[in-house]
Amino acid sequence: MAEQVLAADGTPLKASLNRALRRQKMRALMLIAPLLLFIMLTFIIPIGQMLFRSVENQIVGDTIPRTVEALDSWDHDADDIPPPPVFDALAQDLMVAVELKEHTRLGSRLNYEMSGISSLFRKSGRRVDDIGEVYTDQFVALDPAWEEPATWVGLLADPKWIAAREAWDGTGDEPAFIMSRAAKTVLPQTASIYADFARVIQTEDNDSPAEEEPWHVVYLALYNDLTANPSLEVTGPLSGLISSAAAAVPSFETEDVVATFEGFDDDWKNPEIWETIYTYSPAYTNGYFLNSVDLQKTNEGVAWQPENEQIYLTLFWRTMVMSLTITFSCILLGYPVAWMLANLPARKANLLMILVLLPFWTSLLVRTSAWKVLLQNQGVINDLLVWVGFVADDNRLALINNATGTVIAMTHILLPFMILPLYSVMQTIPATYLRAAKSLGATNWTAFWRVYFPQSVPGIGAGSILVFILSIGYYITPEIVGGTKGVFISNRIAYHISSSLNWGLAAALGAILLAIVLALYWAYDRIVGIDNVKLGG
Amino acid sequence: MSLPIYATTGQKIWYYSFRVIVGLILFFLIAPIIIIIPLSFNAENFFTFTPKMLALDPEGYSLKHYRDFFTNPDWIRPLKNSLIIAPFATIISVSLGTLAAIGLSQSHVPFRRGIMAILISPMIVPLIISATGMFFFYSQMGLWMEETFGISKSLSGYIKVILAHAALGIPFVIITVTATLVGFDQSLTRAAANMGATPTVTFFRVQMPLILPGVISGGLFAFITSFDEVVVVLFVGAAAQKTLPWQMFTGLREQISPTILAVATVLVGISILLLATVELLRRRSERLRGMSPS
């Protein structure tokens, strides 16, 4: 039997070593943990939240829940506006939204999908509090008790809430309203809207539902409940009030809510408005992603955007083409410089290296301002060209506010990122290979093309991917020297964040760009390796 | 790569024209940065050389744009903001980044590749996407901070920008410090421990002095990242946190004033200073590791 090796403290050596290894791992992780946590909080979660925002669409379902539910029963293929119950639901939803000041937000959200909806919601929001007044007047005429807030509380509030309210000493907030369970089953529509009413009164106005007369739409809901179920019964002291009202409603003068809405704005007659609301009612949508590739959702499925609104594919395409142009210019300009640096004696090469590193270290804004100044119509370059006689004074070259400006400035800015990886690869190619090729009879060109160039390809690959990744995400330089024809997809993202406020679309465009960059980065990792990223020597 | 005696005329022509081409490319690289320096001394509000300047007439030159930079509150405030935000962001990135880099260079780290990818990600993700993500998250975080801790809007704005810039600077610290640690002889810490030093003493007396050049150049990278950064601060910050690059960006986009050239010249001076420091540190670090500077 083999003797077990023991450590100094008497435990088996194997266990002791394992424990030491575990401790070492733990210590390493403990050192990394603070930073990992920091990056997670300050960077990864924000990015994740942006990705989530690109599909999230809860605003429609949250703001007009009743309408969304009622629209489920709408036959949206019939090319007609939805039935009256949908309008009733909309009246109630809109009333709540107006009180919470949320209807304009919803309007601008839906306006991204169909222009005009924003003003439609704003216009209707101003007048929605009149809907149902006909019913209020008739209920009150029938029995003045309907005017009393106490009647409504007695009818709809949970006894527990009434007790809690009586016990409340008046300091702080009133106990939150609780709907009675019986009311929810007997008067579903009324209970639902009254619950919202009570919540708004309590949270927004800091008032009590026990002291406020309900909105007109609550009376509308009550009318609907009573007509839907004439034989309904409530127990308690108010049963007489309800049954007499139930008996009276069939003879009530009615309000055509559909006509009322159409009176607010003719657009409510437009089935397309309703289709848009219906299409964008789910809590999650791929609509933003479709929009980012010039598609849109319609009730017949996915379709192209109208011709004059197709801009994103063009922009993506332009971003790609211009980034490729910049990458090629960088290869063209970077290769000779890198060759020179790699083949000069160290002292001279170091001196030239400063010329490459200084731009690399100079602020991006400085270099961009330099180009803005140089490329202007009255700038140094044009002045020089006129002085040489290359162009006429009245026919100066348009070098800025177009694609040319972006390509020139960005090639200059990204050139060091091409030269540095090329240089580090070329440094490893022995000069003897070229001499060997030549001594074997190759011409200068053959020696370069067949021997040297293939060995420098990894450097070109690394530099190209780096330059390409950096350039497709560029924002500042195109914004300043690109005008309208020389801007990238990132400028559009910034526009949607700060000007149009269509954040969902901005997030979707960002998500697509991120996917492209990560794919390229993965390729970079395969070719060069993540650990070989070097910073200026 | 000198020209051999037996080179043909064609080879000679190619040899010299190649040098001229490389010279032109290097000129293209450096000229835009150099040319703004004399332009910033322009006595007129022009962006090109006036006849007086070309004639080297002293009257064509003046310091008025520099005076404007150092007296105009439109420039002073951003300068102050930049000088507040960048150091704090640097301190956060350097302290957390150095600790993590030391952790990452241990011999047994589970999930090293994955962790590395996450830590480097702020450098990979295009700034516009980082800025978009941060825009959503940080505005909520700002509100939360104001409500929970009762701090002012301006303070929470600074905190937001500092945190965002610290996140952007971290990859640079990680990369430079890990690169320095590759050449660090782990037996030195073991020797120190053997002689009775606690881990803290070992860190500050043995490890830190040796990796200090790497830490400092990582810190300089982080500083310049924050000091130059404009996209994220544009999205995360409010007008009260306007930094120098932001002011330059606004100036370039709206009405461009020649003061920008003076600011740019000052920034070029700072870059030269930083470049020289990093280069010196790199050489020192290589000397410490027993390698001669290339």
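The values are calculated or read from the model by the stated rules, or taken from the named source; none is laboratory data. Nothing here was measured: the structure is a model prediction, and the numbers come from that model. Backbone-built Cβ (ideal geometry, glycine too); neighbour counts: all protein chains shown. Remember, those area values only see protein heavy atoms, side chains included, never the ligands or the DNA or RNA. Shrake-Rupley method; radii C 1.70, N 1.55, O 1.52, S 1.80 Å.
At a Förster distance of 41 Å, what's the computed FRET efficiency of residue B:198 paired with residue B:113, Cβ-Cβ distance as r, to 0.05? Provide the component values of the computation, followed by the final result.
Values: r = 32 Å, r/R0 = 0.77.
Given R0 = 41 Å and the Cβ-Cβ separation, E is 0.80.
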Positive-end residue of A:206, A:260, A:245, charge dipole of segment A:150-292 with Cβ unit charges: A:245
Could you give the nm distance between label points at residue A:232 and residue B:253, where each point is 7 Å from its Cα heading toward the beta carbon? 5.5
Summing -39500 (n - 2.57) over the DSSP H runs of n ≥ 4 in chain B and dividing by its residue number, what mean residue ellipticity at 222 nm do you reach, to the nearest 500 deg cm²/dmol? -25000 deg cm²/dmol
Can you list the residues of segment B:93-123 with backbone N under 16 Å from a point 7 Å past the Cα of residue B:190, pointing along Cα to Cβ? B:106-108
Just to verify a number: what accessible area does residue B:280 come out at with the full protein assembly present, 1.4 Å probe, Å² rounded to tens? 120
Proximal lysines relative to residue B:12, as straight alpha-carbon distance under 23 Å, when same-chain residues fewer than 8 apart are discounted: A:348, A:438
Using amide H atoms built in the peptide plane, which far-off residues or other-chain residues are under 5 Å from residue A:157 H to H? A:180
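Taking 0.36 nm per residue of separation and subtracting the Cα-Cα distance, what length does fully extending residue A:446 through residue A:77 add? Write down the numbers at each step before the final one.
Numbers: separation 369, 0.36 × 369 = 132.84 nm, distance 6.97 nm.
Here the answer is 125.9 nm.
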What are the residues whose amide H is under 5 Å from the amide H of residue B:42, where those residues sit 5 or more places off or on another chain and H is modelled from the backbone? B:62
On each of the three principal axes of the Cα atoms of the protein assembly as shown, give max minus min coordinate, whole Å, ordered largest first. 119, 98, 58
I'd like the interface area for chains A and B: accessible area of each alone minus the complex, both sides summed, 1.4 Å probe, protein heavy atoms only. What is it in Å² to the nearest 100? 8000
Relative contact order, percent, chain A [alpha-carbon distance under 8 Å, six or more residues apart]: 15
Gaussian network model of chain B, Cα within-10 Å springs - most flexible of B:53, B:116, B:195: B:195
For residue A:101, go through the lysines and keep the ones whose alpha-carbon is under 17 Å away, minus same-chain ones fewer than eight residues off. A:123
Short version: ³J(HN,Hα) in whole Hz for each residue of segment A:86-96, in order, from phi by Karplus 6.51 cos²θ - 1.76 cosθ + 1.60 (θ = phi - 60°), x for Gly and Pro, what are they? 5, 5, 4, 4, 5, 4, 5, 4, 5, 4, 4
Accessible surface of residue A:76 in the full protein assembly, 1.4 angstrom probe, to the nearest 10 Å²? 40
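Express the carbon and sulfur contribution to the solvent-accessible surface of the protein assembly as shown as a percent, rounded to the nearest whole number, probe 1.4 angstrom. Mind dumping the intermediate values first?
Details: 24240 of 39090 Å².
The C+S portion of the solvent-accessible surface of the protein assembly as shown is 62 percent.
Given R₀ = 25 Å, what would the calculated FRET efficiency be for residue A:518 paired with residue A:286, taking r from the Cβ atoms and rounding to 0.05? It would help to have the intermediate numbers written out before the result.
Working: r = 20 Å, r/R0 = 0.80.
The computed FRET efficiency comes out at 0.80.
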Treating only the Cβ atoms of Lys and Arg (+1) and Asp and Glu (-1) as charged, compute the dipole magnitude of segment A:159-221 about its Cα centre; round to the nearest 20 debye. 520
In the neighbourhood of residue A:267 defined by beta carbon distances under 13 Å, the net charge of the other residues (Lys, Arg +1; Asp, Glu -1) is -2
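Using a Förster distance of 35 angstrom, determine the FRET efficiency expected from the C-beta separation of residue A:203 and residue A:27, and round it to 0.05.
Working: r = 51 Å, r/R0 = 1.45.
Efficiency, from the Cβ-Cβ distance: 0.10.
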Which residues among segment B:81-113 fall inside the zone where the amide N is under 19 Å from a point 7 Å beyond the Cα of residue A:17, along Cα→Cβ? B:107-110
Looking only at segment A:399-443, which residues have a backbone nitrogen under 11 Å from a spot 7 Å from the Cα of residue B:6 in the C-beta direction? A:439
So for chain A, taking the charge dipole from beta-carbon charges (+1 Lys/Arg, -1 Asp/Glu), which of A:429, A:469, A:407 sits furthest toward the positive end? A:429
Scoring only Lys, Arg, Asp and Glu (+1, +1, -1, -1) among other residues with Cβ under 14 Å from the Cβ of residue A:191 yields +1
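For chain B, calculate the relative contact order in percent as a whole number, restricting contacts to Cα pairs under 8 Å that are 6 or more residues apart.
On the way: 299 pairs, mean separation 79.2, N = 294.
Relative CO of chain B lands at 27 percent.
Considering only protein heavy atoms, what per residue accessible area in square angstrom results for the protein assembly as shown with a 1.4 angstrom probe?
47
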Expressed in square angstrom to the nearest 10, the accessible area of residue A:64 with a 1.4 Å probe stands at 0
Could you point to the residue in A:442, A:314, A:185 farthest towards the positive end of chain A's charge dipole, with +1 and -1 charges on the Cβ of Lys/Arg and Asp/Glu respectively? A:442
What are the ³J(HN,Hα) couplings of segment A:24-31, residue after residue, when phi is run through the Karplus curve with 6.51, -1.76, 1.60 and θ = phi - 60°? Round to Hz, x for glycine and proline. 5, 4, 4, 5, 4, 5, 5, 5
Over segment A:315-532, what relative contact order in percent results from Cα pairs under 8 Å that are six or more residues apart? 26
Under a cut-off of 22 Å between alpha-carbon atoms, report the lysines in cross-link reach of residue B:153, not counting same-chain residues fewer than 8 places apart. B:80, B:242
From phi via Karplus (6.51, -1.76, 1.60), per-residue ³J(HN,Hα) for segment B:189-203 in Hz, x at Gly/Pro: 5, 5, 4, 5, 4, 4, 8, x, 7, 6, x, 5, 4, 4, 4
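Can you tell me which of B:182-188, A:309-315, B:219-225, A:291-297 comes out highest on packing, and rank the rest after it, using the mean Cβ neighbours within 10 Å? Before the final figure, lay out the partial values.
Working: B:182-188: 12.6, A:309-315: 14.4, B:219-225: 23.7, A:291-297: 19.4.
Averaged packing, sorted descending, gives the order B:219-225, A:291-297, A:309-315, B:182-188.
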Charge dipole magnitude, Cβ of K and R +1, D and E -1 - chain B, Cα centre, debye nearest 20: 760
Net dipole in debye of chain A [+1 Lys, Arg Cβ; -1 Asp, Glu Cβ; about Cα centre; nearest 20]: 6300
Could you let me know the centre-to-centre spacing of segment A:409-484 and segment B:111-185, using Cα atoms, in angstrom? 32
Please give the net charge around residue A:246, taking every other residue with its beta carbon less than 14 angstrom from that of residue A:246, where Lys and Arg add +1 and Asp and Glu add -1. -3
